[in-house]
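Enquirer: Just passing along the structure, written as structure tokens.
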Amino acid sequence: MSLIMTGVGDETGSISNLICYGFVMKSSTGMVNYISVVEKIKINMKLFLITSVNLTLILVVLNINKGNNTHEFEENHSHELANYEMVMDTVPEFPYQKTEAEWKEILTPSQFRILRKKGTEFPYVNEYFDSKKDGIYVCAGCGQKLYDSRHKYKSGTGWPSFWKPIDDSLVVELEDKSLFMTRTEIVCSNCGGHLGHVFDDGPEPTNLRYCMNSAAMKLVNRDKLSEAEEN
Ligand SMILES: [Zn+2]
């Protein structure tokens with residue numbers, strides 16, 4: 001079987017007839033089958049769709065690269081982010097209490113959705129996933145110290161990851177059976193705000209990966225935090 005290119009009804013194949021060009025399949029029996037104009041339109045449609053998909057991917061990559069527009073990205077995709085939300089059956093009592101209305105007043109919409117509604121932000125488009133800045137990560141809800149940048153590592157997941165909290169007493173582990181699986185949820189031990197989850201595929205020495213949401217935390221200057229605590 002051979003494959004040659006020719007023009008349909010025009011063996012010379014002028015440029016004006018380019019749209020009529022197609023492949024001619026010549027079988028061993030000598031039969032020649034032209035790929036019809038309809039088939040070519042289908043091929044063109046496929047090419048168009050592939051090009052559209054490529055353009056969409058490029059736009060997505062451009063959006064991901066717009067690191068400073070994280071909040072705008074989240075607002076525009078709130079309906080998709082809602083799919084990531086989880087619901088817990090019971091919420092233990094925590095020392096730092098506020099009503100839902102009070103939380104809404106002090107938190108941004110994305111902070112509220114993650115901390116108080118157990119939402120999850122998109123990977124790679126959050127504030128701290130690749131941050132190498134030194135400092136202390138505190139709870140965005142109540143300000144309690146949570147993680148030290150010295151315990152942060154590049155997990156490749158697109159979320160800020162730590163191999164330990166500053167102290168185990170600063171976070172509480174809860175069983176999370178949402179999304180048809182069992183995971184260990186991590187919440188702030190002071191306000192109960194949802195921070196993320198912990199997994200056992202982290203680096204030495206703990207082998208733990210505390211996978212956190214950037215919006216649930218704030219990175220603050222280590223020295224300023226120490227000064228504030230002394231005063
Ligand atoms: Zn907190």
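Enquirer: Find how many whole Å separate the alpha carbon centroid of the stretch 106-138 from the alpha carbon centroid of the stretch 161-231.
Expert: Distance between centres, Cα-based: 12 Å.
Enquirer: Which residues in the stretch 170-203 have a backbone N closer than 14 Å to a point placed 7 Å from the Cα of Glu100 along the Cα-to-Cβ line?
Expert: Residues passing the 14 Å test: none.
Enquirer: Would you calculate the separation in nanometres between label points at Tyr153 and Asn231, each defined as 7 Å from the Cα along the Cα-to-beta-carbon direction?
Expert: Taking the two extended label points, one gets 3.7 nm.
Enquirer: Right, next: For Ser189, list long-range residues whose amide hydrogen, built 1.01 Å from N in the peptide plane, is under 5 Å from its own amide hydrogen.
Expert: Here Val171, Val172 satisfy the definition.
Enquirer: At a Förster radius of 22 Å, what calculated FRET efficiency corresponds to the Cβ-Cβ distance of Asp200 and Val172, to the nearest 0.05? Working shown, then result.
Expert: Numbers: r = 18 Å, r/R0 = 0.80.
After rounding, the FRET efficiency stands at 0.80.
Enquirer: Which residues' amide hydrogens lie under 5 Å from the amide hydrogen of Leu208, considering only partners 5 or more residues apart or on another chain, with H built in the peptide plane?
Expert: Under 5 Å from the amide H of Leu208: Gly202.
Enquirer: So what J values fall out for the stretch 219-231 if you push phi through Karplus, 6.51 cos²θ - 1.76 cosθ + 1.60 with θ = phi - 60°, rounded to Hz, Gly and Pro as x?
Expert: Per residue, the Karplus-derived 3J(HN,Hα) values read 8, 10, 5, 4, 5, 5, 5, 5, 4, 4, 6, 6, 7 Hz.
Here, each number is a calculation from the coordinates, and none is a lab measurement. Quick caveat, the model's predicted, so the values are computed rather than measured. Here the Cβ is made from the backbone with ideal geometry for all residues, glycine too, and neighbour counts use every protein chain on show.
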